[in-house]
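Below: the structure, in structure tokens.
The values are calculated or read from the model by the stated rules, or taken from the named source; none is laboratory data. On a predicted model such as this, the values are computed, not experimentally measured, just so you know. Cβ atoms come from the backbone with ideal geometry, glycine included; neighbour counts cover every protein chain shown. For accessibility, only protein heavy atoms count, side chains too; no ligands or nucleic acids. Shrake-Rupley method; radii C 1.70, N 1.55, O 1.52, S 1.80 Å.
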Amino acid sequence: MLAKIRPLQISLRWRLTVWYLLTLAVILVLFSAFLYWQLQRSLYAQMDTALQAAASQALINIDADGNTLAFQNIDASANAAIHNSKELTFYLWTDEGAFIERLGAETAVTLPQKVENGYTTQSNGEDSWRIYTQAVITDNAIGWIQIAQDLETIDETLEKLLNQMTIGIPLALALAGLGGYFLASRALHPIIRITHTAREINASEMNERIGYSGPADEVGQLAATFDDMLDRLQAAFIRERRFTGDAAHELRTPLAALKGRIGVTLSQPRQVEAYTDTLQEMEQQVDRLIRLSSDLLFMARLDQKQFNRQPELINLSDFLGAVVDQIRPLAANKSITLTETIPSALSMMGDMDLLIRLFLNLLDNAVKYTKVNGYITIHAQEKKGQLIVSISDTGIGIDPEHIPHLFERFYRAESDRARHGRNGDEGGAGLGLAIAYEIARAHGGDLLVSSESGQGTTFTFQCP
Ligand code: ATP
Ligand code: MG
């Protein structure tokens, strides 16, 4: 059995951790990309506002110098510009795109072929600039003003963020991986224990239990269910073992009696009558063996649910009448009075052969355990959709301590066995009630018992 279990290839906790990490990595990368894009956007917007503000300020100081535009009052405008931002460079171009004048640090910025108002970005491979371009119109000249700012600071900031992310994301993933692995291990620990326990259990050693004490979550429930299943299995094993032992014991008793009797008879030559006596006694023992083995066989077939014929409609008064008639000679032997009160309209669905066996077993017991001149009453009625058949006797009754075990296989009230043993009438094997009970259950019904020691016993069969 164990050989069939495949060895663990990739443990569940590794797989859980890897999936967790993959999900987290995707989330972190998406989130970082969003953050990067947002920051870039806001830095550009900030710069654009500053460029436009500088442009408006510069425009005040531009005028036509003849037919050409020029920065008037250069000092003031340069001062203002330089004062506000050292990285700003101002350009003035003619309408045709010819360079007029520059204020601020030198850059590689040019006026594009197709020029219009607004923001552009230019780069010479090494450096890049953000440029704001605006048309300048005075009374006698038109041209363009351009304000450029080096993108270096923005690039630096963004690069710093990118660096932090390339270090931070793997670090966060590593930490999350450790945490995830630890959590998965913790959550799966009881499952590993269940596996170990399951491996150690076999038919002879069934005392092992998981005994999980954690919270009643999925794993806790699995552990509890597993323990529960082991309890039931163990009980079934014990029952089965006891059954085998009891069956062997019951078979041995008549066989030992047979063997003894044969030995004694053969020990010396005897008269023909003695042999006949022996053979008659042996016949009794063999009958007992046959009855026992057929009961065992019947029980085994009942256990394997081999009786699943179509249930038939049974008229109860006819049916019970016939069963009671079978037992009448036995009752007459002990001068027991049999009375039956069964309404003629009552009927039920069931397996006729099984039900005959059920009532014969109950009636057989009633006769067997009732003294001479006693009474046995069979009563049937319908109550709340349930069929109720009760068989009462005025027999020896059953002590309360035996009642819970009556329907167990091979169970006999101990004192009862001794009593019958003394009479020379070997009591039964103790299977009759067990069989009756199983049959009642197979019909979806139940078998109940009430008894008063020395007064009598009533068995009640209930069936929906
Ligand atoms: P078997 O039916 O297998 O021949 P049995 O009659 O001894 O043997 P059960 O029919 O299972 O076994 O009954 C179990 C025990 O219950 C009996 O040994 C007997 O002690 C007790 N018992 C059953 N029916 C009655 C009854 N009507 N009155 C008193 N005791 C009873
Ligand atoms: Mg019996």
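Output the 0 to 90 degree angle, nearest 10, between the alpha-carbon long axis of helix 352-368 and the longest principal axis computed from the alpha carbons of the chain.
Taking the Cα atoms of the chain, the angle to 352-368 is about 50 degrees.
Based only on Cα atoms, what Rg/Rh ratio does the chain have, Rh being taken as Kirkwood's radius?
1.55
Nearest 10 degrees is fine. How inclined is helix 316-333 to the longest principal axis of the chain, computing both from alpha carbons?
40 degrees
For GLU340, what residues show an amide H to amide H distance below 5 Å, using hydrogens built from the backbone and excluding near sequence neighbours?
ILE378
Between ILE27 and GLU126, what FRET efficiency comes out of the Förster formula 1/(1 + (r/R0)^6) with R0 = 41 Å and r the beta carbon distance, rounded to 0.05?
0.65
TYR119: accessible area at probe 1.4 Å, nearest 10 Å²?
Counting only protein heavy atoms, TYR119 exposes about 80 Å² to solvent.
So what's the gap between the Cα centers of the stretch 139-156 and the stretch 279-358, to the nearest angstrom?
Spelled out, the Cα-based centre of one part sits 113 Å from the other.
Could you work out the relative contact order of the stretch 246-401? I mean the mean sequence separation of Cα pairs under 8 Å and 6+ apart, divided by the number of residues, in percent.
Value for the stretch 246-401: 18 percent.
Taking amide hydrogens as modeled 1.01 Å from N in the peptide plane, which residues meet the under 5 Å criterion relative to ASP63, leaving out close sequence neighbours?
ALA70, GLN72
Pop out the ³J(HN,Hα) list for the stretch 101-110 in order, Karplus 6.51 cos²θ - 1.76 cosθ + 1.60 with θ = phi - 60°, rounded to Hz; leave Gly and Pro as x.
Running phi through 6.51 cos²θ - 1.76 cosθ + 1.60 with θ = phi - 60° gives 7, 9, 10, x, 5, 6, 9, 9, 5, 10 Hz.
Would you please classify the overall shape of the stretch 291-403 from the alpha carbon gyration tensor, given that a ≥ b ≥ c denote the square roots of the eigenvalues, rounded means a/c under 1.5, and beyond that prolate means a/b larger than b/c while oblate covers the rest?
Taking the square roots of the gyration eigenvalues as a ≥ b ≥ c, the stretch 291-403 is oblate.
Using the Cα gyration tensor of the stretch 265-353, with a ≥ b ≥ c the square roots of its eigenvalues, what is the shape: rounded (a/c below 1.5), prolate (a/b larger than b/c) or oblate (neither)?
oblate
Using a 1.4 angstrom probe on the protein heavy atoms only, line up VAL449, VAL26, VAL109 by accessible area, largest first.
Output order, biggest surface exposure first: VAL26, VAL449, VAL109.
How far is helix 74-84 tilted off the main Cα axis of the chain, in degrees rounded to 10, range 0 to 90?
20 degrees
Report the relative contact order of the stretch 142-290, percent, no decimals, based on alpha-carbon pairs under 8 angstrom and at least 6 residues apart.
14 percent
Please label the shape of the stretch 184-323 as rounded, prolate or oblate, based on the square roots a ≥ b ≥ c of the eigenvalues of the alpha-carbon gyration tensor (a/c under 1.5 means rounded; beyond that, a/b larger than b/c means prolate, else oblate).
Here the stretch 184-323 falls in the oblate category.
For the stretch 34-45, take each phi angle, set θ = phi - 60°, evaluate the Karplus expression 6.51 cos²θ - 1.76 cosθ + 1.60, and give the result in whole Hz per residue in order, putting x for glycine and proline.
These are the phi-based 3J(HN,Hα) values: 4, 4, 4, 5, 4, 5, 4, 4, 6, 5, 4, 4 Hz.
With an 8 Å cut-off on Cα pairs and a minimum separation of 6 or more residues, tell me the relative contact order of the chain in percent.
After rounding, I find 9 percent.
Compute the signed sum of charges (Lys and Arg +1, Asp and Glu -1) over the other residues within less than 12 Å, Cβ to Cβ, of ILE342.
-3
Apply the Karplus parameterisation 6.51 cos²θ - 1.76 cosθ + 1.60, with θ equal to phi minus 60°, to every residue of the stretch 299-315 and state each ³J(HN,Hα) to the nearest whole Hz, in sequence, with x for glycine and proline.
4, 4, 5, 5, 4, 8, 6, 7, 9, 10, 6, 4, x, 10, 7, 10, 7
I want the local charge near GLN455. Using Cβ-Cβ distances under 14 Å, sum +1 for each Lys or Arg and -1 for each Asp or Glu among the other residues.
Once all neighbours under 14 Å are counted, the net charge is -2.
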